[in-house]
Amino acid sequence: MSKPLVIALSKGRILKETLPLLAAAGIEPTESLSESRKLLFDTTLDDVKLIVIRATDVPTYVQLGAADIGVAGKDVLLENGAKGLYEPLDLNISRCRLMTAGVSGKAPGTSRRRVATKFVHIAKRYYASMGIQAEIIKLYGAMELAPLMDLADEIVDIVDTGNTLKANGMEPRELIADISTRLVVNKASMTMQHQRLKPLIKRLAQAVEARREGQEESA
Ligand code: ATP
Ligand code: PRP
């Protein structure tokens with residue numbers, strides 16, 4: 001049998017929403033992902049395997065060809081640069097916005113701005129494009145705490161309902177990008193495995209469309 005196709009899934013929030021789409025496309029893990037310590041899983045298709053890894057590692061696995069396909073947030077792809085990847089499908093799940101935010105009612109000063117974020121590259125590019133001098137402070141989580149503790153003047157972070165900002169006395173400011181989860185494909189795999197990938201991507205696109213129609217009907 002030929003080498004199995006490997007799909008790299010982001011663990012956490014995205015995983016829960018990805019599995020029903022994969023199932024609708026005919027790909028289901030043969031055991032529960034959440035009840036296992038395993039990271040590599042067989043599926044109902046003999047020639048498809050799943051790996052479950054940190055979201056930020058997904059582009060790396062796919063770029064280097066250790067996985068043929070990946071599922072990752074556009075925020076992660078923008079931060080990574082996602083060179084050497086195709087992005088054939090918007091899965092339209094885990095939708096949110098990448099924004100700047102600051103303390104409510106406190107306008108940013110005119111001097112060099114201190115910005116706390118885990119999206120260092122995105123923030124650098126964004127502030128440079130706006131002509132704003134920024135000192136980027138890398139954090140790994142709880143960005144909303146940084147302005148409260150006067151570690152930063154502003155943050156760049158994911159905003160969905162806005163509840164996290166509000167609970168910490170902050171307000172959203174500028175939109176940097178609308179975010180959703182994307183399917184990415186290794187460029188060499190897209191060429192070499194085209195016969196196998198094409199129908200799989202098509203079934204996933206149909207699953208995304210069916211989900212969208214279902215949402216419209218229930219709205
Ligand atoms: P890690 O645990 O690896 O640091 P993470 O905490 O960013 O990753 P999750 O919180 O599971 O991982 O988020 C995964 C993806 O889901 C993000 O990259 C983003 O695309 C999207 N996302 C994050 N927060 C939200 C949110 N509040 N609402 C909707 N989508 C979100
Ligand atoms: C994400 C993000 C924000 C929050 C925004 O955090 O980092 O803190 O969601 O969502 P909201 O606008 O609906 O409040 P998450 O809940 O995933 O926790 P994390 O900090 O562990 O990533």
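Below are the figures for this structure:
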{"read-out": "Peptides ranked, highest mean first, by Cβ atoms within 10 Å: ranges 77-85, 123-131, 35-43, 181-189", "value": "181-189, 77-85, 123-131, 35-43"}
{"read-out": "Region 97-107 - phi-based ³J(HN,Hα) in whole Hz, Karplus 6.51/-1.76/1.60, Gly and Pro as x", "value": "10, 9, 9, 8, 8, x, 5, 3, x, 10, 5"}
{"read-out": "DSSP bridge pairs, region 95-211: antiparallel proportion in percent, nearest 5", "value": "60"}
{"read-out": "Nonlocal amide H pairs with ALA142, under 5 Å, H built at 1.01 Å", "value": "none"}
{"read-out": "Neighbour net charge for LEU89 - beta-carbon separation under 10 angstrom, K R +1, D E -1", "value": "0"}
{"read-out": "Virtual spin-label span in nm between ALA142 and GLU87, 7 Å along Cα→Cβ", "value": "3.1"}
{"read-out": "With Cα atoms, 0 to 90° folded angle of helix 194-218 axis to the chain main axis", "value": "60"}
{"read-out": "Gained length - ARG13 relative to MET192, 0.36 nm times residue gap less alpha-carbon distance", "value": "61.3 nm"}
{"read-out": "Sites LYS3 and ALA23, calculated FRET efficiency, Cβ-Cβ separation with R0 30 Å, nearest 0.05", "value": "0.80"}
{"read-out": "Within-11-Å neighbourhood charge of ASP42 [Cβ basis; K, R +1; D, E -1]", "value": "-2"}
{"read-out": "Additional length obtainable on full extension of the chain from THR60 to ILE158, 0.36 nm per residue less Cα span", "value": "33.1 nm"}
{"read-out": "Theoretical ellipticity at 222 nm over the chain - DSSP helices of four or more residues, -39500 (n - 2.57) apiece, nearest 500", "value": "-10000 deg cm²/dmol"}
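We did not get these values from a lab; they are worked out from the coordinates using the rules stated. None of the values given here were measured: they were computed from a predicted structure. No Cβ is skipped: glycine too gets one built from the backbone with ideal geometry, and neighbour counts run over all protein chains shown.
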